[in-house]
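Before any comments, here is the structure.
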Amino acid sequence: METEVKETKGQVVSAENPGIVAPADWQPVIMGILCNWCSYAGSDLTGTSRIQYPPNIRIIRVPCSSRVDPWFIIKSLQTSADGVLISGCHPGDCHYISGNYYARRRFLVTKKLLNFVGYHENRIQFSWVSAAEGPKFAKVVAKVTEDIKKLGPLHKYKKENLK
Amino acid sequence: MEQLLVPALCKIDKIIEETPDVLTYRLIFKDPEMFGKFKWLPGQFVEFSLLGRGECTFCISSSVTRPGYFDCSIKKAGVVTADIHTMLDEGMDVGIRGPYGNWFPVDDIKGKNLLFVGGGIGLAPLRSLIQYCIDNRNDYKDFTILYGARTSKDLCYKEEIEEWKNNPTLKVILTIDKPEETWKENVGVVPKILEEVVKPAIENTKVITCGPPIMIKYTLLSLDKLGFAPKDVITTLEMKMQCGLGKCGRCNIGSTYVCKDGPVFTYEQLKALPDEF
Amino acid sequence: MNFSVFETDKNGLQKFYEETIAKNETYAPVEKFGKYDYKKVSALPECDPDSPISLTMSVKPLFFPRSSKIMKYEENREGTIITETDEDPLAGKRVILGVKHCDARGLQVLDRVYKWDYIDADYQKRRENSVIISTRCNKADVNCFCTSLDYDVENSDAHDIRIINGLNEKIYIQAVTEKGEDLLKGVPGLQFSVCSSEVAGEESAKHFKAFDSSFRLKMNYKEVNEKLQNSFDSPEFDPASKNCISCNTCAFICPTCHCFKITDEKIKDTGIRYKSYDSCNNGYFTLMAGGHNPRPVKYRRWRQRAMHKFVYYKERFGVNLCVGCGHCAISCPVNISIFDVVNQVV
Amino acid sequence: MDYTKQIQEIASKLFAEEKIDIFIGYRQNAFDDNQVPILVTVPADVPNLIFTDKSVLNLTNYLKFEHTRNKRVGIVVKGCDSRALNMLLTESQVKRENLYVIGINCTGVLNEKGEKAQNCLECVMPDAVVYDEMIGTPSGKKEYSVNVDVKELAAKGLVERGEYFQEIFENCIRCNACRHSCPLCYCTKCCIDQESAVLYNGSNTPSSAFHALMTWSLHLAGRCVDCRNCEKACPSHLPLHLLHKQNEMVIYENFQQHLAGMEKDDRGAFYKYSMKDPDDFIM
């Protein structure tokens, strides 16, 4: 009796598709797209200062957060990723002066639209992490991983090759 | 599903650099049974697939009389061919479907004098036929090969041309468009050399020509001038193809399917087609 | 051979449909967003076999899917392996309800190109395993001209079972081929009165007159075939195609267009090769490596489209590549019909 | 709303003064009450021109085709069309000096059922914003209201909404008519059709439709003027406006009530920024 309860408790139900249940040991894959000047340096600092963060994140470096076309987010969600984290410099700190202000607008629209067509809003997350904020980066990754673990695996509109 | 369109896998045995932008891929079937099934005649083409990038149409540039392998010479012209050049290496796998299309009328030209007129990469389908004819030398009479390119660097199959030159039964004439310091042979565009240097006899001669569209256009005019009958001039046509099976509708010129009724046409047949190539 | 004919009424037909759906894998027009498309159904209320022709997609995708997998492949250290893809979902035995006569004729036209030279086994299998139940429209749509093409709409043999709407609300179910006969015999709930095929034919012919007179468009296809053949250089192609926005919709929904493209889609080490629809109105259709394009401008592409439908295909395969369904005009955002283009040129 | 006479007068005047080579307007369809575009090149065709409340299509789409390239064009634009034209001018796709624009102060067009079209009920700018000559009386800018369909869908649950959109993507046949009929999709080769875009390359599956439509709508976000040419072109009758209206709503509510093509030299919401843009969704 005990074990049965434990099993159902441990299972993760996909937020978008309640029919899909993942085993308890399921681990999400998170696509991290980081800006070269702040967040990537920040993640480096996290590593060099030996702060632990979940290994679920796969990092891609881009010159600036405004380099991120909404297309990248759609592509990541359609391939292996269960969630996307995009991180850039704090407002005002952009290496290219105003890149992240432009990015901020695009992110909001993308996030809302994906939510509108049926993705949970926590699948797509954004953060500002500066080069000095190693601990913050670890916290952000931990939070995103935690959020997406709750949401369960993503099965929507996945590329057929992966099935 | 779609069995007709599934390619057979081939291994790249060797890559030969012909010119800076032409590479010859020597291919061997991974499945030995395919060698028995895969029989082609000069002039036919295959669908060559760089897996992950798509299919392209190339003619086979070697002859079936030299079994065990076949060659595809590929010139860097578009996006996919550029990728083929950069992404493929010796030992890698490619997909091959074919052979498709018709072939040079190897039986009709028996007992005739043959004049091959090639330009640039256009020598590739001719090479297949030349090899075939050399290996069946007794069936044919005199051989003349006129081959031109823009510069001496752009001449394909240089080693093989040397072999042909040393062969006493062949007459080989080379030309380049502009004079170069070390170049000792003819200088001038192919139609000009054809009229001024080769001066072919019309009697009992078949002309097989292949090259860039502009060269073909003027060569056909010269041949007309020299007095060749349109039915004695054989050429190949280039057209976008995708299936090679006469289904996808890309290569239609009028009611002719280039992939089925072509790519080899006589000048006579070409004249009857609507002007859309 | 004499095939059986049954006489019944509306309720009987409903029953027949229900029985068919219950016993077979059935495809029928299903409404979504105001447009009907052929989909698998499990109960009669889901679908509408009498869907209006102007709002129904062609049945072609059930035989020539909008996108089908050619193969799947994987790369590993030893090289590449081609893996067989999943089974053809359309190859099983099935019944298709509510196919329009012109649509069914479209399949017959397609058969010719698929049986030519290299035989497309998958297509043949899909054809062999399908039983087509077809109802003739009661009234023509504004863009229809099926009665003026080279086939007999009334006595078409493109379908397997014909539903005839007679006078006095009588309905006749007539088998046209052996496949249809087998299906009719296999429906045990069918206890309708048998009637002779002459009676059904007569009833149908009475109705046909009214149907035939409801056509707005009439085409003399023989004249079109002949005149179009000599108008390759006609200057009229340019003005006729001026309005076209090259959106490709006409080719995608046409019951006879069969051009396709082969594309690879690859991520990581696995790739899938697809065969999907393409259109000759697409500017990239014949673009070759190196930039040469035999049909670079719109009127040339339209010429190819019109000539292919009424000249080239006729020369090669003996039938027109047009069944007069009017789908192209209905779906075109700027209402260009192949009928208008051809008539403007001729 | 029947401006047929005025438009014919202007067109014949323009041809007489040799100010234009081509005039883009509407013509009555021969057999039903729909109207189709007509590209008039000779003055003799001018009497075919018409403008009523069935003139639904956005004609600025024709400015991207070879027939009108580098020619002097006279064109009829309604309120929404003129916003699209404004976008095209800002993005340097057409030259203002080549155009003679007849702006219609529109009172709304009718849909197939003969009712006022939904986008006209929610129209913010029925007056032409770019014009050389104006027809009708301007009624001024209207209050923005959120699209009823978007509102209705947004009120539903996540899973339900997902299922609704799943149907949209399943019914898409990937003919790309939406893209070709959009006046603002003028790229010579779309990014989703590039040979290098191997993730999706022309296959027709729900996931590929999702990929194409989402990318398309996000590339049009902040630029779409809600003319609904895409919806009229869609052979599957998909409610494509949902995606665009959702984007428009988010942009209007969050970015200083931005609406595409309202002002000259406004490149769209994604080409500018403000310090006051919402930041609360970012960690």
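Values in this text are rule-based calculations from the coordinates and carry no lab data. This structure is a prediction, so every number in the text was calculated from the model and none was measured. In this analysis, Cβ positions are derived from the backbone assuming ideal geometry, glycine residues included, and neighbour counts consider all displayed protein chains.
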If you take the charge dipole of region C:199-295 about its Cα centre, with +1 on Lys and Arg Cβ and -1 on Asp and Glu Cβ, which of C:Ser241, C:Pro294, C:Ser279 is farthest toward its positive end? C:Ser279
Along Cα→Cβ, 7 Å out, is where each label goes; now give me the distance between the ones at C:Asp88 and B:Glu195 in nm to one decimal. 5.6 nm
Among all the lysines, which ones have a C-alpha under 17 Å from C:Lys10's C-alpha, if same-chain residues fewer than 8 places away are not counted? C:Lys170
Spatial separation of Cα centroids for region C:219-266 and region D:131-170, in angstrom: 35 Å
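For chain D, just say rounded, prolate or oblate: build the C-alpha gyration tensor, square-root its eigenvalues into a ≥ b ≥ c, call rounded for a/c under 1.5, and beyond that prolate if a/b exceeds b/c, oblate if not.
Values: a/c = 1.64, a/b = 1.53, b/c = 1.08.
Judged from the Cα gyration tensor, chain D comes out prolate (a/c at least 1.5, a/b above b/c).
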Would you calculate, for chain B, the mean residue ellipticity at 222 nm contributed by helices, counting each DSSP H stretch of 4 or more residues as -39,500 (n - 2.57) and dividing by all residues, to the nearest 500? -6000 deg cm²/dmol
Are there cysteines in chain C with no second cysteine's Cβ under 4.7 Å away, and if so, which? C:Cys47, C:Cys137, C:Cys144, C:Cys195, C:Cys244, C:Cys247, C:Cys259, C:Cys280, C:Cys322, C:Cys332
Gyration tensor verdict on region B:194-277 (Cα atoms; rounded if a/c is under 1.5, prolate if a/b is larger than b/c, oblate otherwise): prolate
Of A:Lys156/C:Lys40; C:Lys100/C:Lys125; B:Lys75/B:Lys178; B:Lys271/D:Lys189; C:Lys100/C:Lys227, pairs whose Cα-Cα distance is over 24 Å: B:Lys271/D:Lys189; C:Lys100/C:Lys227
If you take the alpha carbon radius of gyration of the protein assembly as shown and divide it by 2.2 N^0.38 Å, what ratio comes out, to two decimals? 1.04
Within 10 Å of the Cβ of an average residue in C:240-246, the count of other chain Cβ atoms is 5
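Compute the signed sum of charges (Lys and Arg +1, Asp and Glu -1) over the other residues within less than 10 Å, Cβ to Cβ, of C:Glu75. Walk me through the numbers on the way to the answer.
Working: positive: C:Arg77, C:Lys266, C:Lys268; negative: B:Asp93, C:Glu74, C:Glu78, C:Asp269.
Computed value for this residue: -1.
Work through the residues other than C:Phe3 whose Cβ is under 9 Å from its Cβ and net out their charges, Lys, Arg +1 and Asp, Glu -1.
Values: positive: none; negative: C:Glu178, C:Glu181.
Cβ neighbours under 9 Å give a net charge of -2.
Which peptide among D:117-125, C:223-231 comes first, and what is the full order, when sorted by highest mean count of other Cβ atoms within 10 Å? Mind showing how you got there, number by number?
Working: D:117-125: 18.7, C:223-231: 16.2.
Result, highest mean first: D:117-125, C:223-231.
To make sure I understand, if each residue's beta carbon is the centre and we count other beta carbons within 10 Å, what order do D:Val198, B:Val198, D:Val148 fall in, fewest to most?
Values: D:Val198 16, B:Val198 20, D:Val148 12.
Lowest count first: D:Val148, D:Val198, B:Val198.
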Counting only residues 5 or more apart in sequence or on a different chain, those whose built amide H sits under 5 Å from that of B:Ile145 are B:Phe116, B:Lys171, B:Val172, B:Ile173
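Let me know the mean shielding of D:275-281 by other chains, meaning the per-residue number of their Cβ atoms within 10 Å of its Cβ.
On the way: counts 3, 0, 6, 3, 6, 1, 9.
Mean number of neighbouring Cβ atoms from other chains: 4.
State the number of lysine pairs found in region D:24-113 whose Cα atoms come within less than 17 Å, restricting to pairs 8 or more positions apart or on distinct chains. Each step should come with its number before you reach the end.
Working: D:Lys54/D:Lys78; D:Lys54/D:Lys113; D:Lys64/D:Lys95; D:Lys71/D:Lys95.
Step by step, the pairs that qualify in region D:24-113 add up to 4.
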Distance from region A:106-163 to region C:36-90 (C-alpha centre basis), Å: 33 Å
Lys/Arg Cβ at +1, Asp/Glu Cβ at -1, dipole of chain C taken about the Cα centre: which of C:Ser197, C:Phe310, C:Val5 is farthest positive-ward? C:Phe310
If region C:98-160 were replaced by its equivalent ellipsoid, with semi-axes equal to the square roots of 5 times the Cα gyration tensor eigenvalues, what would those be, largest first, whole Å? 24, 14, 9
I want to verify the translational diffusion coefficient of region D:148-271 in µm²/s; compute it with Stokes-Einstein, Rh as the Kirkwood radius over Cα pairs, at 20 °C and 1.002 mPa s. 139 µm²/s
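What translational D, rounded to a whole number of µm²/s, comes out for chain B from Stokes-Einstein when the hydrodynamic radius is the Kirkwood one over Cα pairs, at 10 °C and 1.306 mPa s?
Numbers: Rh = 19.2 Å.
Rounded to a whole number, D works out at 83 µm²/s.
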For D:Tyr100, the residues 5 or more places away or on another chain with a placed amide H closer than 5 Å to its own amide H are D:Val73, D:Gly74, D:Ile75
Need one value for D:67-74: mean number of C-beta atoms belonging to other chains within 10 Å of its residues' C-beta atoms. 1
Name the residues whose placed amide hydrogens come within less than 5 Å of the amide hydrogen of C:Met219, ignoring near sequence neighbours (fewer than 5 apart) on the same chain. C:Ser148
When C:Phe63, D:Phe281 are ranked with the fewest other C-beta atoms within 10 Å first, the list becomes D:Phe281, C:Phe63
Among C:Ile53, B:Cys248, D:Cys190, the residue whose Cα sits farthest towards the positive end of the charge dipole of the protein assembly as shown, when +1 is placed on the Cβ of each Lys and Arg and -1 on the Cβ of each Asp and Glu, is D:Cys190
For chain C, the Debye formula with one identical point scatterer on each Cα and no solvent gives log10 I(q)/I(0) at q = 0.15 Å⁻¹ as -1.33
Can you give me the C-alpha center-to-center distance between region B:34-75 and region B:108-169, rounded to a whole angstrom? 19 Å
Cβ-placed point charges (K, R +1; D, E -1), dipole of the protein assembly as shown about Cα centre in debye, nearest 20: 1240 debye
Order these by the 10 Å Cβ neighbour count, fewest first: C:Thr80, B:Thr219. C:Thr80, B:Thr219
Treating chain A as a set of equal point scatterers at the Cα positions, no solvent, please give the Debye-formula log₁₀ I(q)/I(0) at q = 0.18 Å⁻¹. -1.08
Relative contact order (percent) for chain A, with alpha-carbon contacts under 8 angstrom and 6 or more residues of separation? 34 percent
Helix D:4-16 versus the longest principal axis of chain D: what angle, 0 to 90°, nearest 10, using Cα atoms? 70 degrees
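I need the semi-axes of the equivalent ellipsoid of region C:221-345: take the C-alpha gyration tensor, multiply each eigenvalue by 5, square-root it, list largest first in whole angstrom. Intermediate values should be presented prior to the final figure.
Working: eigenvalues 153, 53, 45 Å².
Listed largest to smallest, the semi-axes of region C:221-345 are 28, 16, 15 Å.
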Where does helix A:39-48 land angle-wise versus the long Cα axis of chain A, in degrees 0 to 90, nearest 10? 70 degrees
Rounded if a/c is under 1.5, else prolate if a/b is larger than b/c, else oblate: which is region B:109-249, with a ≥ b ≥ c the root eigenvalues of its Cα gyration tensor? rounded
